[in-house]
């Protein structure tokens with residue numbers, strides 16, 4: 001809700017007027033959907049599996065959640081930008097570097113827009129990219145391990161919101177700034193924002209084999225707010241479209257001051273032209289400082305490197321590369337249909353949707369039919385690029401997704417509904433209420449050339465009475481609609497985790513068969529791994545003590561350690577010797593100032609303990625691993641700092 | 001499993017209660033009781049038979065995909081080396097050659113079990129524990145510590161078997 005509040009709250013009056021009748025209508029439809037055919041459509045019998053994966057962003061949870069469709073069952077929470085005690089992500093020594101930034105260790109972010117990698121405009125299921133909105137970062141999550149493999153910080157950016165959308169061969173993942181800032185950052189009066197602040201649109205190159213990310217260039221745009229973006233596809237491949245608001249360049253009371261212009265813009269960026277310009281030596285190398293964190297699956301370890309330079313591009317220096325398409329009423333959603341022909345701008349303070357035509361845009365550029373310029377960037381004439389307007393009758397349009405039959409589905413936040421309309425004729429076909437105040441929606445593959453238009457998931461900002469009350473704070477609700485017919489049918493309602501902003505989905509068979517089951521012990525390259533229990537040992541290096549420990553059902557090797565002293569820093573490097581699917585072992589030490597860790601089969605993870613008190617202190621396995629799980633424990637004897645007890649370790653007396 | 005684990009916990013708690021007092025005596029009493037417990041259990045489940053670990057079941061091929069296996073007269077040393085390395089990484093956490101540990105020692109196993117049974121146990125211990133009497137009894141004898149499936153390939157299991165042939 002917060003995301004939209006500045007603009008939306010100004011329309012609170014309207015909301016109240018509509019809320020009354022809107023909810024009544026909703027109640028009626030909701031009862032209608034509670035019939036046996038809706039139940040059959042979402043029922044996935046025990047032991048059966050879902051048809052689609054859905055990856056819902058967690059918003060302020062900082063993480064990504066994995067669901068099944070149509071059941072709405074949650075399978076996993078993947079930690080990305082937030083520390084996660086459940087697995088030890090961000091607590092273990094191996095994963096702490098993943099959360100490093102130029103501001104130091106940042107254990108949280110606001111995760112918004114998942115996008116699955118594509119080849120030829122179709123989902124290929126290799127990776128999923130997500131953005132951290134607050135301390136600008138882009139993460140890449142593996143869709144074979146379902147773990148975060150890489151995070152890159154974005155310099156010169158703030159409010160990293162028009163992000164992590166990918167081009168149709170995953171050439172680039174794109175990150176645009178919502179809050180323009182001084183570039184480079186400097187001490188200056190806020191009131192001098194106008195014409196001094198910049199909006200950086202970053203194009204991050206994705207290396208095709210491993211997916212490694214590197215910022216190729218940043219386009220330094222005028223100081224507007226770059227809200228959302230989507231890639232061109234098909235004929236429009238090579239272009240990227242960004243919605244903007246606050247073309248007024250206000251720095252205060254944006255709720256009013258950024259809503260003055262009748263039209264803001266959709267920025268059309270010909271990234272292929274800019275890429276060529278940069279490849280030919282164009283752009284300016286600018287000093288910068290940003291973290292690039294990579295997790296290596298074979299060493300089971302993340303490393304953080306600070307990068308010191310970024311290439312920036314002044315858009316006015318690249319001929320015919322950047323244009324503004326006037327778009328009414330502070331557009332939020334900026335969505336491109338599967339053919340790549342239509343760019344849909346959802347003016348969030350409007351009732352209508354503006355659809356721009358890619359072909360018309362090219363013709364207007366060709367004919368140089370400009371309607372002035374903004375900071376040297378040509379503005380195309382609204383009428384020249386307009387393909388059509390969807391007179392929806394709803395209020396507060398936000399986001400649009402597509403099916404494979406030429407239909408579009410748009411969410412309306414203020415009037416709480418999903419509206420189905422036809423591409424080309426712009427006629428409204430159906431509308432269904434959501435519960436309540438819907439933000440994003442998702443059709444599996446709905447942001448690609450090949451959507452799988454069987455279900456749409458609407459992700460709502462307000463829950464209210466949908467579930468049993470749980471105090472003032474409730475999880476947000478989502479609704480699943482069957483969209484296989486002419487009319488949409490509400491078939492299920494389920495709670496989500498955090499606040500989903502957008503989601504991505506794909507057919508189950510794209511991922512299920514290649515989902516990793518174990519890490520092979522004989523491929524473990526962790527420097528502190530023990531691949532055979534006879535290598536288990538304890539090594540002192542001054543005050544640092546390294547415990548090389550192995551686990552298997554149900555014991556630790558070693559499980560008795562003596563010779564540790566108060567003031568030591570003890571590193572437990574634990575290798576799980578299981579080679580069977582779904583047999584992790586956990587580790588936790590009494591009084592440890594960190595979380596437990598969960599070690600997957602074949603993996604090594606490290607947990608740090610700094611004993612402060614003399615005594616004999618137990619540790620144990622936190623994951624119920626076998627019938628003898630309760631026996632899976634051990635002791636560490638901690639002696640005074642000046643003690644001369646020799647370091648020793650054992651298991652079963654050996 | 002849950003019941004075994006619960007009853008073990010109960011047993012241990014009873015023992016703890018029954019033997020308060022001085023530290024050194026406590027140690028002895030626990031050992032006595034633990035031995036008694038194993039005997040009782042063996043009697044209940046196996047009814048006067050020898051413990052599963054000492055039983056000779058050479059005509060039992062076990063349950064699983066290995067139906068029949070003929071061994072060459074000579075031991076293949078190359079396979080032995082591979083098998084020994086695999087054993088070290090995948091098995092030694094629970095099986096020690098020189099002593100009974102979490103599970104039985106593989107020493108002399110070729111005199112007690114058929115090659116097929118050994119292969120099946122390595123390849124799918126869960127199926128064996130469900131369907132093979134000897135595997136079931138071994139689980140009970142070894143405190144319910146279920147053997148882990150280490151994702152060993154058939155070829156690797158065969159190498160480990162060859163290594164076992166050298167352990168007499």
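Scanning region A:125-134 for residues that are surrounded by 22 or more Cβ atoms within 10 Å (Cβ to Cβ) and under 19 Å from residue A:215 (Cβ atoms) returns A:127, A:129, A:130, A:131, A:132, A:133.
Looking at residue A:549, is it farther than 30 Å from residue A:512 by Cβ and at pLDDT 95 or above?
Working: farther than 30 Å from residue A:512 by Cβ: yes; at pLDDT 95 or above: yes.
The answer is yes for residue A:549.
When A:631, A:610 are screened for being surrounded by 14 or more Cβ atoms within 10 Å (Cβ to Cβ), in contact with a strand residue (DSSP E or B) (Cβ under 9 Å, 6 or more places away or on another chain) and within 14 Å of chain B (Cβ to nearest Cβ), only A:631 passes.
Assess whether residue A:504 counts as being buried (at least 19 other Cβ atoms within 10 Å of the Cβ), within 24 Å of the chain's Cα centre (by Cα) and not in a loop (DSSP other than H, G, I, E, B).
Numbers: buried (at least 19 other Cβ atoms within 10 Å of the Cβ): yes; within 24 Å of the chain's Cα centre (by Cα): yes; not in a loop (DSSP other than H, G, I, E, B): yes.
Yes: the conditions hold for residue A:504.
Could you say whether any residue in region A:524-541 is within 14 Å of another protein chain (Cβ to nearest Cβ), more than 22 Å from residue B:145 (Cβ to Cβ) and within 30 Å of the chain's Cα centre (by Cα)? Looking through region A:524-541, at least one residue is within 14 Å of another protein chain (Cβ to nearest Cβ), more than 22 Å from residue B:145 (Cβ to Cβ) and within 30 Å of the chain's Cα centre (by Cα).
Per the listing A:169, A:225, the residue uniquely buried (at least 23 other Cβ atoms within 10 Å of the Cβ) and either in contact with a strand residue (DSSP E or B) (Cβ under 9 Å, 6 or more places away or on another chain) or farther than 26 Å from residue A:247 by Cα (or both) is A:225.
Would you list the helices (runs of 4 or more DSSP H) that sit entirely within region B:75-149 and hold 1 or more residues that are facing chain A (nearest Cβ under 9 Å), surrounded by 20 or more Cβ atoms within 10 Å (Cβ to Cβ) and touching a residue at least 40 places away in the same chain (Cβ under 8 Å)? Walk me through it before giving the result.
Working: elements: B:77-90, B:109-112, B:115-123, B:125-131, B:133-141.
Passing ranges, in order: B:77-90.
Residues considered: A:245, A:172, A:226, A:193. Of these, the only one that is under 19 Å from residue A:273 (Cα atoms) and either under 18 Å from the mean Cα position of the chain (by Cα) or in the same structural domain as residue A:334 (by TED's automatic domain parsing) (or both) is A:172.
Among the residues of region A:257-303, what is the count of those that are closer than 30 Å to residue A:149 by Cβ and part of a strand (DSSP E or B)? Count: 16.
Confirm whether residue A:617 is crowded, with 23+ Cβ neighbours inside 10 Å, over 23 Å from residue B:94 (Cα atoms) and outside the structural domain of residue A:302 (by TED's automatic domain parsing).
Working: crowded, with 23+ Cβ neighbours inside 10 Å: no; over 23 Å from residue B:94 (Cα atoms): yes; outside the structural domain of residue A:302 (by TED's automatic domain parsing): yes.
Judged against the criteria, residue A:617 is not a match.
In summary, strands (runs of 3 or more DSSP E) completely within region A:318-372 and bearing 1 or more residues that are within 22 Å of residue A:178 (Cβ to Cβ) and more than 27 Å from the chain's Cα centre (by Cα) occur at A:322-328, A:352-357. Of the residues making up region A:436-453, those that are in a loop (DSSP other than H, G, I, E, B) and touching a strand residue (DSSP E or B) at 6+ places or on another chain (Cβ under 7 Å) are A:436, A:437, A:443, A:444, A:445, A:446, A:447, A:448, A:449, A:450, A:451, A:452.
Of the residues A:270, A:261, A:289, which is at pLDDT below 95 and in the same structural domain as residue A:319 (by TED's automatic domain parsing)? Answer to the selection: A:261.
Among the residues of region A:467-478, is any farther than 17 Å from residue A:441 by Cα, assigned to a loop (DSSP other than H, G, I, E, B) and within 14 Å of chain B (Cβ to nearest Cβ)? Checked against the condition, which is being farther than 17 Å from residue A:441 by Cα, assigned to a loop (DSSP other than H, G, I, E, B) and within 14 Å of chain B (Cβ to nearest Cβ), region A:467-478 yields no hits at all.
Residue count for region A:534-564 under the criterion of being in contact with a strand residue (DSSP E or B) (Cβ under 6 Å, 6 or more places away or on another chain) and part of a strand (DSSP E or B): the result is 18. Working only within region A:620-654, note down all residues that are assigned to a strand (DSSP E or B) and either over 39 Å from the mean Cα position of the chain (by Cα) or not assigned by TED's automatic domain parsing to the domain that holds residue A:578 (or both). Scanning region A:620-654 gives A:634, A:635, A:636, A:637, A:638, A:639, A:648, A:649, A:650. Among the residues of region A:595-606, is there at least one that is in contact with a helix residue (DSSP H, G or I) (Cβ under 8 Å, 6 or more places away or on another chain), in a strand (DSSP E or B) and buried (at least 24 other Cβ atoms within 10 Å of the Cβ)? For region A:595-606, residues in contact with a helix residue (DSSP H, G or I) (Cβ under 8 Å, 6 or more places away or on another chain), in a strand (DSSP E or B) and buried (at least 24 other Cβ atoms within 10 Å of the Cβ): absent. Restricting attention to region A:469-491, the residues that are buried (at least 20 other Cβ atoms within 10 Å of the Cβ) and more than 24 Å from the chain's Cα centre (by Cα) total 5. What residue, among those in region A:548-570 that are in contact (Cβ under 8 Å) with a residue 60 or more places away in the chain and closer than 15 Å to residue A:599 by Cα, is farthest from the other protein chains (Cβ to nearest Cβ)? Going through the qualifying residues, I end up with A:556. Could you say whether any residue in region A:568-580 is touching a helix residue (DSSP H, G or I) at 6+ places or on another chain (Cβ under 6 Å) and assigned to a strand (DSSP E or B)? No, there is no match, as no residue in region A:568-580 is touching a helix residue (DSSP H, G or I) at 6+ places or on another chain (Cβ under 6 Å) and assigned to a strand (DSSP E or B).
The values are calculated or read from the model by the stated rules, or taken from the named source; none is laboratory data. In this text, all values refer to a predicted model and were calculated from it rather than measured experimentally. Reconstructed Cβ throughout: ideal geometry from the backbone, glycine too, with neighbour counts over all protein chains shown.
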